[in-house]
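Peer 1: Below are the structure tokens for one structure; questions will follow.
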Amino acid sequence: QVRLVESGGGLVQPGGSLRLPCAASGGIFDIYTMAWYRQAPGKQRDLVAIVTATSSTNHADFAKGRFTISIDTAERTVYLQMNSLKPEDTAVYYCNADLGVYSGGASARSDYWGQGTQVTVSS
């Protein structure tokens, strides 16, 4: 069974930094993309950044210059380095992965979500 496990969230002061790792495990034979999304209370879930297995990246406008997504395909782990954090970055951050997996003796391509990690930026 595929699992995405996020960590690294917490409380940080404005201007501070956090690094969020997300590790994928369970029956994976290929990684197509891994991404980070975020959802603030009462708002929709938004894409923060996405990376392919060959490290091609795309960052949302609000993330450019402050956040950096990277991937370690050998460890099946995606990272989000967040610098110069602002109070408006407060949200639950979710890991997403588009994976090739083995399931019931067959192979398939499926989309998976982690459970989310809370990031709070406050003084």
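The values are calculated or read from the model by the stated rules, or taken from the named source; none is laboratory data. These numbers come from a predicted model, not from an experiment. A quick note on method: Cβ atoms are made from the backbone with ideal geometry, for glycine too, and the neighbour counts reach across all protein chains shown. Surface areas here come from the heavy atoms of the whole protein model, side chains and all, with no ligands, DNA or RNA. Shrake-Rupley method; radii C 1.70, N 1.55, O 1.52, S 1.80 Å.
Peer 1: Assess whether PHE29 counts as being in contact with a strand residue (DSSP E or B) (Cβ under 6 Å, 6 or more places away or on another chain), among the aromatic types (Phe, Trp, Tyr) and more than 17 Å from GLY116 (Cβ to Cβ).
Peer 2: Considered against the rule, which asks whether it is in contact with a strand residue (DSSP E or B) (Cβ under 6 Å, 6 or more places away or on another chain), among the aromatic types (Phe, Trp, Tyr) and more than 17 Å from GLY116 (Cβ to Cβ), PHE29 comes out as yes.
Peer 1: Assuming LYS86 fulfils every condition listed in (1) within 20 Å of ARG3 (Cβ to Cβ); (2) touching a Pro at 6+ places or on another chain (Cβ under 7 Å); (3) of a type in the set (D, E, K, R) apart from one, which condition is it?
Peer 2: Evaluating LYS86 over (1) within 20 Å of ARG3 (Cβ to Cβ); (2) touching a Pro at 6+ places or on another chain (Cβ under 7 Å); (3) of a type in the set (D, E, K, R) leaves (1) as the failure.
Peer 1: Do we find a residue being without any contact (Cβ under 8 Å) to a residue 60 or more places away in the chain, closer than 16 Å to ASN96 by Cβ and aromatic (Phe, Trp, Tyr) anywhere in region 15-32?
Peer 2: No, region 15-32 contains no residue that is without any contact (Cβ under 8 Å) to a residue 60 or more places away in the chain, closer than 16 Å to ASN96 by Cβ and aromatic (Phe, Trp, Tyr).
Peer 1: Which residue is surrounded by the most Cβ atoms within 10 Å (Cβ to Cβ), if the candidates are limited to region 8-23 and must be touching a Ser or Thr at 6+ places or on another chain (Cβ under 7 Å) and under 19 Å from THR77 (Cα atoms)?
Peer 2: Filtering first and then ranking leaves CYS22.
Peer 1: Also, I was wondering about something else. Is it the case that some residue within region 25-33 is in contact with a Leu (Cβ under 7 Å, 6 or more places away or on another chain), open to solvent by less than 60 Å² (accessible area, probe 1.4 Å), part of a strand (DSSP E or B) and within 14 Å of TYR93 (Cβ to Cβ)?
Peer 2: no
Peer 1: For region 89-118, name all the residues that are in contact with a Gly (Cβ under 9 Å, 6 or more places away or on another chain) and among the polar types (S, T, N, Q).
Peer 2: Answer for region 89-118, where residues must be in contact with a Gly (Cβ under 9 Å, 6 or more places away or on another chain) and among the polar types (S, T, N, Q): ASN96, SER103, SER107, SER110, THR117, GLN118.
Peer 1: Specify the residue that is modelled with the lowest pLDDT; the eligible residues are those in region 90-107 that are closer than 13 Å to GLY26 by Cβ and open to solvent by 10 Å² or more (accessible area, probe 1.4 Å).
Peer 2: Filtering first and then ranking leaves SER103.
Peer 1: Any residue that is closer than 23 Å to SER123 by Cα and either touching a residue at least 40 places away in the same chain (Cβ under 8 Å) or in contact with a Ser or Thr (Cβ under 6 Å, 6 or more places away or on another chain) (or both) - is there at least one of those in region 56-68?
Peer 2: Yes, some residue in region 56-68 is closer than 23 Å to SER123 by Cα and either touching a residue at least 40 places away in the same chain (Cβ under 8 Å) or in contact with a Ser or Thr (Cβ under 6 Å, 6 or more places away or on another chain) (or both).
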